[in-house]
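The values are calculated or read from the model by the stated rules, or taken from the named source; none is laboratory data. Since we're looking at a predicted model, the values are computed, not measured. Cβ: placed from backbone, ideal geometry, glycine included. Neighbour counts: every protein chain shown. Quick note on the areas: whole protein, heavy atoms, side chains included, nothing else; ligands and nucleic acids left out. Shrake-Rupley method; radii C 1.70, N 1.55, O 1.52, S 1.80 Å.
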Amino acid sequence: MNVANIVLNDFTNDSRVLKTSRSISTLGYNVTIVALHCDGLAENECYDHFCLDRVKLKTRSWSKLKLIQLIKYFEFLIRVFYRYKKFDFVHCNDLEALPIGLLIKLFGSDVKVIYDCHEYQAETNDLDKFSKRMKGFLEWLLIRYVDDVIVVSESIAGEYIRLYNIRNPYLVLNCPTYYEQPKRNLFREKLDVRSDQTIFLYQGGLSKGRGIELLLDAFSDLDTDKSVLVCMGYGPLEGLIQEKAQQQNTVFFHPAVTPEVLLNYTSSADYGILFYEDTCLNHRYCSPNKMFEYLMAGLPVLTSNLFEMKRLVETEGVGIVAEENTVEGFRKALKASLNQDYAAIQKNVFSARKKYCWEEQENVLKEIYNTH
(Lines give C-alpha, C1' and ligand atoms only; values in the text may rest on other atoms or scores of the structure.)
Protein backbone atom coordinates (compact mmCIF):
# COMPACT_ATOMS: atom_id res chain seq x y z
CA MET A 1 0.00 0.00 0.00
CA ASN A 2 1.38 3.39 -1.03
CA VAL A 3 0.85 6.75 0.70
CA ALA A 4 1.54 10.15 -0.87
CA ASN A 5 2.03 12.68 1.93
CA ILE A 6 1.59 16.05 0.17
CA VAL A 7 2.83 19.36 1.57
CA LEU A 8 3.17 22.68 -0.25
CA ASN A 9 6.59 23.65 1.07
CA ASP A 10 10.13 22.49 0.31
CA PHE A 11 10.22 20.12 3.31
CA THR A 12 13.32 21.48 4.95
CA ASN A 13 11.84 22.17 8.39
CA ASP A 14 8.45 20.47 8.69
CA SER A 15 8.64 18.29 11.77
CA ARG A 16 4.95 17.30 11.75
CA VAL A 17 5.07 15.92 8.20
CA LEU A 18 8.29 14.12 9.09
CA LYS A 19 6.82 12.51 12.21
CA THR A 20 3.58 11.62 10.42
CA SER A 21 5.47 9.94 7.59
CA ARG A 22 7.60 7.90 9.98
CA SER A 23 4.56 6.79 11.94
CA ILE A 24 2.59 5.73 8.87
CA SER A 25 5.58 3.78 7.56
CA THR A 26 5.74 1.72 10.78
CA LEU A 27 2.32 0.33 9.82
CA GLY A 28 3.84 -1.23 6.71
CA TYR A 29 2.96 1.47 4.18
CA ASN A 30 5.34 2.81 1.55
CA VAL A 31 5.37 6.57 2.19
CA THR A 32 6.45 9.26 -0.25
CA ILE A 33 6.57 12.88 0.91
CA VAL A 34 5.59 15.10 -2.01
CA ALA A 35 6.92 18.66 -1.69
CA LEU A 36 8.02 21.65 -3.75
CA HIS A 37 11.50 21.82 -5.23
CA CYS A 38 13.78 24.80 -4.56
CA ASP A 39 17.22 25.57 -5.97
CA GLY A 40 19.98 23.86 -4.03
CA LEU A 41 17.79 20.99 -2.82
CA ALA A 42 17.74 17.43 -4.10
CA GLU A 43 14.71 16.42 -6.13
CA ASN A 44 14.62 12.84 -4.89
CA GLU A 45 15.91 11.34 -1.66
CA CYS A 46 15.27 8.10 0.20
CA TYR A 47 15.42 7.63 3.96
CA ASP A 48 14.80 4.72 6.31
CA HIS A 49 11.06 5.40 6.64
CA PHE A 50 10.06 7.28 3.49
CA CYS A 51 11.08 8.67 0.15
CA LEU A 52 11.05 12.37 -0.69
CA ASP A 53 9.96 13.75 -4.06
CA ARG A 54 10.41 17.49 -4.50
CA VAL A 55 8.42 18.42 -7.59
CA LYS A 56 10.29 20.75 -9.91
CA LEU A 57 8.15 23.43 -11.54
CA LYS A 58 8.98 25.21 -14.78
CA THR A 59 7.03 28.20 -13.46
CA ARG A 60 8.89 28.35 -10.14
CA SER A 61 11.06 31.33 -11.13
CA TRP A 62 8.11 33.37 -12.36
CA SER A 63 6.88 36.41 -10.42
CA LYS A 64 4.98 36.24 -7.14
CA LEU A 65 1.85 37.97 -8.44
CA LYS A 66 -1.30 36.19 -7.24
CA LEU A 67 -2.32 35.13 -10.74
CA ILE A 68 1.15 33.69 -11.40
CA GLN A 69 1.08 31.91 -8.03
CA LEU A 70 -2.17 30.27 -9.14
CA ILE A 71 -0.51 29.10 -12.36
CA LYS A 72 2.34 27.61 -10.30
CA TYR A 73 -0.19 25.82 -8.12
CA PHE A 74 -1.95 24.28 -11.12
CA GLU A 75 1.37 23.08 -12.52
CA PHE A 76 2.12 21.41 -9.18
CA LEU A 77 -1.38 19.91 -9.07
CA ILE A 78 -1.09 18.42 -12.56
CA ARG A 79 2.39 17.02 -12.02
CA VAL A 80 1.47 15.43 -8.67
CA PHE A 81 -1.76 14.02 -10.08
CA TYR A 82 0.00 12.17 -12.88
CA ARG A 83 2.77 10.86 -10.62
CA TYR A 84 0.55 9.64 -7.78
CA LYS A 85 -2.85 8.89 -9.30
CA LYS A 86 -2.39 5.16 -8.63
CA PHE A 87 -1.48 5.48 -4.94
CA ASP A 88 -3.76 4.02 -2.27
CA PHE A 89 -3.74 6.94 0.21
CA VAL A 90 -3.24 10.67 -0.18
CA HIS A 91 -2.42 12.48 3.07
CA CYS A 92 -3.13 16.18 2.47
CA ASN A 93 -1.37 18.62 4.78
CA ASP A 94 -3.51 21.75 5.00
CA LEU A 95 -6.11 23.11 2.60
CA GLU A 96 -3.73 23.85 -0.29
CA ALA A 97 -3.02 20.14 -0.74
CA LEU A 98 -6.64 19.01 -0.50
CA PRO A 99 -7.76 19.70 -4.12
CA ILE A 100 -4.83 17.60 -5.32
CA GLY A 101 -5.84 14.67 -3.12
CA LEU A 102 -9.48 14.87 -4.17
CA LEU A 103 -8.54 15.04 -7.86
CA ILE A 104 -6.60 11.80 -7.41
CA LYS A 105 -9.58 10.32 -5.55
CA LEU A 106 -11.93 11.36 -8.35
CA PHE A 107 -9.99 9.35 -10.93
CA GLY A 108 -8.70 6.61 -8.65
CA SER A 109 -10.42 3.30 -8.08
CA ASP A 110 -10.32 3.20 -4.28
CA VAL A 111 -8.12 6.07 -3.10
CA LYS A 112 -8.49 7.24 0.51
CA VAL A 113 -7.91 10.94 1.26
CA ILE A 114 -6.85 12.09 4.73
CA TYR A 115 -7.17 15.83 5.39
CA ASP A 116 -4.61 16.89 8.02
CA CYS A 117 -5.32 20.50 9.13
CA HIS A 118 -2.30 21.94 10.92
CA GLU A 119 -4.27 25.11 11.74
CA TYR A 120 -7.79 26.52 11.64
CA GLN A 121 -7.41 27.00 7.92
CA ALA A 122 -9.91 29.80 7.24
CA GLU A 123 -9.14 31.78 10.41
CA THR A 124 -5.39 32.40 10.42
CA ASN A 125 -3.86 35.71 11.41
CA ASP A 126 -2.54 36.61 7.94
CA LEU A 127 -5.87 36.47 6.07
CA ASP A 128 -8.07 39.41 5.13
CA LYS A 129 -11.87 39.06 5.22
CA PHE A 130 -12.16 38.12 1.55
CA SER A 131 -9.46 35.46 1.82
CA LYS A 132 -11.11 34.01 4.95
CA ARG A 133 -14.42 33.72 3.13
CA MET A 134 -12.82 32.12 0.09
CA LYS A 135 -10.87 29.62 2.16
CA GLY A 136 -13.90 28.84 4.28
CA PHE A 137 -16.03 28.25 1.18
CA LEU A 138 -13.39 26.03 -0.43
CA GLU A 139 -13.01 23.99 2.75
CA TRP A 140 -16.80 23.66 3.11
CA LEU A 141 -17.02 22.53 -0.51
CA LEU A 142 -14.27 19.91 -0.35
CA ILE A 143 -14.21 18.52 3.18
CA ARG A 144 -17.34 16.38 2.68
CA TYR A 145 -15.47 14.23 0.15
CA VAL A 146 -12.53 13.25 2.34
CA ASP A 147 -12.36 9.97 4.22
CA ASP A 148 -10.98 11.33 7.50
CA VAL A 149 -10.16 14.73 8.99
CA ILE A 150 -7.34 15.44 11.45
CA VAL A 151 -7.21 18.65 13.52
CA VAL A 152 -4.84 20.03 16.17
CA SER A 153 -7.23 21.08 18.95
CA GLU A 154 -10.59 20.07 20.39
CA SER A 155 -12.00 23.55 19.79
CA ILE A 156 -11.16 23.41 16.08
CA ALA A 157 -12.76 19.97 15.92
CA GLY A 158 -15.93 21.43 17.42
CA GLU A 159 -15.93 24.30 14.92
CA TYR A 160 -15.51 21.94 11.97
CA ILE A 161 -18.40 19.78 13.14
CA ARG A 162 -20.60 22.87 13.55
CA LEU A 163 -19.64 24.54 10.28
CA TYR A 164 -19.34 21.55 7.97
CA ASN A 165 -21.66 19.00 9.55
CA ILE A 166 -19.00 16.28 9.50
CA ARG A 167 -18.42 13.45 11.93
CA ASN A 168 -15.89 13.92 14.70
CA PRO A 169 -12.42 14.74 13.35
CA TYR A 170 -9.43 12.95 14.82
CA LEU A 171 -7.24 14.95 17.20
CA VAL A 172 -3.48 14.72 16.60
CA LEU A 173 -1.55 17.27 18.62
CA ASN A 174 1.77 18.54 17.29
CA CYS A 175 3.90 17.09 20.07
CA PRO A 176 7.60 16.19 20.00
CA THR A 177 8.87 12.67 20.40
CA TYR A 178 9.20 11.71 24.07
CA TYR A 179 12.62 12.43 25.48
CA GLU A 180 13.79 13.05 29.03
CA GLN A 181 15.70 16.19 28.16
CA PRO A 182 18.45 17.04 30.69
CA LYS A 183 18.86 20.61 31.88
CA ARG A 184 21.33 22.67 29.85
CA ASN A 185 22.75 26.19 30.23
CA LEU A 186 23.45 27.25 26.67
CA PHE A 187 21.81 30.69 26.94
CA ARG A 188 23.83 31.59 30.02
CA GLU A 189 27.01 30.45 28.30
CA LYS A 190 26.38 32.12 24.94
CA LEU A 191 24.49 35.27 25.95
CA ASP A 192 26.24 35.95 29.26
CA VAL A 193 23.04 35.64 31.30
CA ARG A 194 23.91 35.55 34.99
CA SER A 195 23.12 32.55 37.18
CA ASP A 196 20.88 34.69 39.41
CA GLN A 197 18.69 35.81 36.48
CA THR A 198 15.52 33.91 35.56
CA ILE A 199 15.22 33.22 31.82
CA PHE A 200 11.81 33.52 30.17
CA LEU A 201 12.04 32.05 26.66
CA TYR A 202 9.97 32.80 23.58
CA GLN A 203 10.87 30.45 20.73
CA GLY A 204 9.27 30.24 17.32
CA GLY A 205 8.26 32.53 14.48
CA LEU A 206 9.09 36.18 15.10
CA SER A 207 6.01 37.68 13.47
CA LYS A 208 3.07 39.87 14.38
CA GLY A 209 0.16 38.44 16.31
CA ARG A 210 2.33 36.38 18.65
CA GLY A 211 2.64 39.04 21.34
CA ILE A 212 6.32 39.75 20.71
CA GLU A 213 5.97 43.54 20.76
CA LEU A 214 4.00 43.21 24.01
CA LEU A 215 6.74 41.02 25.53
CA LEU A 216 9.43 43.52 24.56
CA ASP A 217 7.45 46.29 26.27
CA ALA A 218 6.88 44.13 29.34
CA PHE A 219 10.62 43.47 29.77
CA SER A 220 11.59 47.12 29.22
CA ASP A 221 12.31 49.46 32.11
CA LEU A 222 11.82 46.82 34.82
CA ASP A 223 12.72 47.71 38.40
CA THR A 224 15.28 44.89 38.45
CA ASP A 225 17.16 42.78 35.91
CA LYS A 226 16.47 39.50 37.73
CA SER A 227 14.04 38.37 34.99
CA VAL A 228 15.17 38.39 31.35
CA LEU A 229 13.55 37.62 28.00
CA VAL A 230 15.27 35.49 25.37
CA CYS A 231 13.66 35.46 21.90
CA MET A 232 14.88 32.62 19.70
CA GLY A 233 13.70 32.21 16.13
CA TYR A 234 13.45 34.06 12.84
CA GLY A 235 10.94 36.28 11.10
CA PRO A 236 9.97 39.88 10.29
CA LEU A 237 10.38 41.11 13.89
CA GLU A 238 13.95 39.87 14.25
CA GLY A 239 15.38 43.37 13.68
CA LEU A 240 13.06 44.91 16.28
CA ILE A 241 14.17 42.36 18.89
CA GLN A 242 17.85 42.95 18.14
CA GLU A 243 17.31 46.70 18.44
CA LYS A 244 15.56 46.29 21.79
CA ALA A 245 18.34 43.94 22.97
CA GLN A 246 20.82 46.76 22.34
CA GLN A 247 18.74 49.14 24.47
CA GLN A 248 17.71 46.86 27.36
CA ASN A 249 19.82 44.55 29.51
CA THR A 250 16.76 42.35 30.10
CA VAL A 251 16.18 41.41 26.43
CA PHE A 252 18.31 38.95 24.43
CA PHE A 253 18.11 37.58 20.89
CA HIS A 254 19.26 34.16 19.70
CA PRO A 255 18.87 32.97 16.10
CA ALA A 256 16.83 29.89 15.30
CA VAL A 257 18.48 26.50 15.75
CA THR A 258 17.94 23.17 14.01
CA PRO A 259 15.30 20.72 15.30
CA GLU A 260 18.07 18.29 16.30
CA VAL A 261 19.42 20.61 19.00
CA LEU A 262 16.28 22.62 19.78
CA LEU A 263 15.42 21.02 23.13
CA ASN A 264 19.00 21.53 24.35
CA TYR A 265 18.42 25.26 23.96
CA THR A 266 14.85 25.18 25.25
CA SER A 267 15.93 23.41 28.45
CA SER A 268 18.45 26.19 29.01
CA ALA A 269 15.60 28.54 30.00
CA ASP A 270 13.56 28.56 33.21
CA TYR A 271 10.10 29.31 31.78
CA GLY A 272 8.52 29.10 28.32
CA ILE A 273 6.31 31.90 27.00
CA LEU A 274 3.35 31.65 24.61
CA PHE A 275 1.62 35.01 24.45
CA TYR A 276 -0.35 34.81 21.21
CA GLU A 277 -2.78 37.67 20.69
CA ASP A 278 -6.52 37.10 20.32
CA THR A 279 -6.49 38.35 16.71
CA CYS A 280 -8.10 35.34 15.05
CA LEU A 281 -9.89 32.09 15.89
CA ASN A 282 -6.79 30.14 14.90
CA HIS A 283 -4.94 31.78 17.81
CA ARG A 284 -7.87 31.50 20.21
CA TYR A 285 -8.19 27.76 19.59
CA CYS A 286 -4.55 26.86 19.00
CA SER A 287 -2.51 24.20 20.78
CA PRO A 288 0.93 25.31 19.56
CA ASN A 289 3.76 22.85 19.13
CA LYS A 290 5.90 25.27 21.16
CA MET A 291 3.77 24.52 24.21
CA PHE A 292 4.65 20.83 24.00
CA GLU A 293 8.31 21.59 23.27
CA TYR A 294 8.48 23.63 26.48
CA LEU A 295 6.94 20.78 28.45
CA MET A 296 9.27 18.20 26.88
CA ALA A 297 12.23 20.40 27.85
CA GLY A 298 10.97 20.54 31.45
CA LEU A 299 9.81 24.16 31.45
CA PRO A 300 6.74 25.57 33.22
CA VAL A 301 4.85 27.89 30.88
CA LEU A 302 3.38 31.37 30.96
CA THR A 303 0.59 31.93 28.43
CA SER A 304 -1.91 34.50 27.28
CA ASN A 305 -5.56 34.00 28.14
CA LEU A 306 -6.64 31.99 25.09
CA PHE A 307 -9.03 29.09 25.38
CA GLU A 308 -7.05 25.97 24.48
CA MET A 309 -3.77 27.07 26.09
CA LYS A 310 -5.60 28.13 29.24
CA ARG A 311 -7.38 24.78 29.46
CA LEU A 312 -4.18 22.77 29.10
CA VAL A 313 -2.12 24.85 31.56
CA GLU A 314 -4.81 24.86 34.24
CA THR A 315 -5.84 21.23 33.78
CA GLU A 316 -2.27 19.94 34.00
CA GLY A 317 -1.03 22.54 36.52
CA VAL A 318 2.04 23.38 34.44
CA GLY A 319 2.23 27.17 34.70
CA ILE A 320 0.40 30.47 34.80
CA VAL A 321 -2.24 31.99 32.51
CA ALA A 322 -2.35 35.79 32.34
CA GLU A 323 -5.68 37.34 33.36
CA GLU A 324 -5.38 39.93 30.58
CA ASN A 325 -3.53 39.82 27.27
CA THR A 326 -1.77 43.13 27.94
CA VAL A 327 1.65 44.35 29.07
CA GLU A 328 0.38 44.77 32.62
CA GLY A 329 -1.37 41.39 32.44
CA PHE A 330 1.88 39.75 31.43
CA ARG A 331 3.87 41.46 34.17
CA LYS A 332 1.38 40.25 36.78
CA ALA A 333 1.60 36.71 35.37
CA LEU A 334 5.40 36.94 35.44
CA LYS A 335 5.34 37.83 39.14
CA ALA A 336 2.85 35.03 39.81
CA SER A 337 5.17 32.58 38.04
CA LEU A 338 8.08 33.59 40.23
CA ASN A 339 5.94 33.11 43.35
CA GLN A 340 5.07 29.52 42.44
CA ASP A 341 6.79 26.50 43.94
CA TYR A 342 9.03 25.79 40.94
CA ALA A 343 9.86 22.22 41.93
CA ALA A 344 6.17 21.34 42.37
CA ILE A 345 5.18 22.86 39.03
CA GLN A 346 8.08 21.17 37.28
CA LYS A 347 6.94 17.83 38.69
CA ASN A 348 3.60 18.42 36.93
CA VAL A 349 5.51 19.31 33.76
CA PHE A 350 7.45 16.04 33.85
CA SER A 351 4.18 14.15 34.29
CA ALA A 352 2.45 16.06 31.47
CA ARG A 353 5.21 15.48 28.94
CA LYS A 354 4.58 11.74 29.12
CA LYS A 355 1.02 12.45 27.98
CA TYR A 356 1.77 15.13 25.39
CA CYS A 357 4.32 13.29 23.28
CA TRP A 358 4.28 12.05 19.70
CA GLU A 359 4.08 8.41 20.76
CA GLU A 360 0.56 9.09 22.09
CA GLN A 361 -0.44 10.97 18.93
CA GLU A 362 0.93 8.15 16.79
CA ASN A 363 -1.72 5.85 18.22
CA VAL A 364 -4.40 8.06 16.65
CA LEU A 365 -2.71 7.87 13.24
CA LYS A 366 -2.59 4.09 13.56
CA GLU A 367 -6.31 4.03 14.32
CA ILE A 368 -7.03 6.11 11.21
CA TYR A 369 -5.00 3.99 8.81
CA ASN A 370 -6.00 0.65 10.33
CA THR A 371 -9.69 1.37 9.71
CA HIS A 372 -9.21 1.42 5.91
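A few notes on this one:
- Taking the criterion of being touching a Leu at 6+ places or on another chain (Cβ under 7 Å), over 15 Å from N185 (Cα atoms) and not hydrophobic (A, V, I, L, M, F, W, C), the residues of segment 237-277 that qualify are E238, K244, T250, Y276.
- Single residue of segment 232-259 satisfying the filter (part of a strand (DSSP E or B) and not aliphatic (A, V, I, L, M)) that is most open to solvent (accessible area, probe 1.4 Å): Y234
- Beta carbons closer than 9 Å, at least 6 apart along the sequence or on distinct chains, pair a first residue in segment 206-220 that is without any contact (Cβ under 8 Å) to a residue 40 or more places away in the chain and under 11 Å from K244 (Cα atoms) with a second that is of a type in the set (K, R) and crowded, with 22+ Cβ neighbours inside 10 Å for L216/K244; F219/K244; S220/K244.
- Total residues in segment 15-73, condition touching a helix residue (DSSP H, G or I) at 6+ places or on another chain (Cβ under 6 Å), among the polar types (S, T, N, Q) and in a helix (DSSP H, G or I): 1
- For segment 121-152, residues that are surrounded by fewer than 16 Cβ atoms within 10 Å (Cβ to Cβ) and within 20 Å of H91 (Cα to Cα) total 4.
- Criterion (closer than 19 Å to V228 by Cα, β-branched (V, I, T) and modelled with pLDDT of 95 or more) met by exactly one of I320, I345: I320
- Considering only residues in segment 55-65 that are loosely packed, with under 10 Cβ neighbours inside 10 Å and among the basic types (K, R), the one that is farthest from S21 (Cα to Cα) turns out to be K64.
- Residue ID - modelled with the highest pLDDT, chosen from residues in segment 260-275 that are in a loop (DSSP other than H, G, I, E, B) and open to solvent by 20 Å² or more (accessible area, probe 1.4 Å): D270
- Top-ranked residue of segment 210-231 - restricted to ones that are of a type in the set (D, E, K, R) and closer than 21 Å to Q197 by Cα, ranked as most open to solvent (accessible area, probe 1.4 Å): D223
- Flag if S337 is more than 22 Å from the chain's Cα centre (by Cα), within 22 Å of A218 (Cα to Cα) and either at pLDDT below 95 or surrounded by 17 or more Cβ atoms within 10 Å (Cβ to Cβ) (or both): yes
- Looking at L201, L173, L216, just one residue is in contact with a helix residue (DSSP H, G or I) (Cβ under 9 Å, 6 or more places away or on another chain), at pLDDT 95 or above and part of a helix (DSSP H, G or I), and that residue is L216.
- Some residue of segment 289-301 being assigned to a loop (DSSP other than H, G, I, E, B), surrounded by fewer than 22 Cβ atoms within 10 Å (Cβ to Cβ) and at pLDDT below 95: no
- Pick from segment 88-120, criterion assigned to a helix (DSSP H, G or I), open to solvent by less than 20 Å² (accessible area, probe 1.4 Å) and touching a strand residue (DSSP E or B) at 6+ places or on another chain (Cβ under 7 Å), ranking: farthest from W140 (Cα to Cα): I104
- Residues that are among the β-branched types (V, I, T) and in a helix (DSSP H, G or I), drawn from segment 135-170: I143, I156, I161
- Subset of segment 1-14 (residues that are among the aliphatic types (A, V, I, L, M) and either in a loop (DSSP other than H, G, I, E, B) or over 14 Å from R83 (Cβ atoms) (or both)): M1, V7, L8
- Hits in segment 30-54 - residues which are surrounded by fewer than 18 Cβ atoms within 10 Å (Cβ to Cβ) and either among the acidic types (D, E) or under 18 Å from R83 (Cα atoms) (or both): N30, L36, D39, A42, E43, N44, E45, C46, D48, C51
- Selection within segment 74-87: residues that are assigned to a loop (DSSP other than H, G, I, E, B) and among the basic types (K, R). The member of this set that is surrounded by the fewest Cβ atoms within 10 Å (Cβ to Cβ) is K86.
- Look at (1) in contact with an Asp or Glu (Cβ under 7 Å, 6 or more places away or on another chain); (2) open to solvent by less than 10 Å² (accessible area, probe 1.4 Å) and you find that M309 fails only one, number (1).
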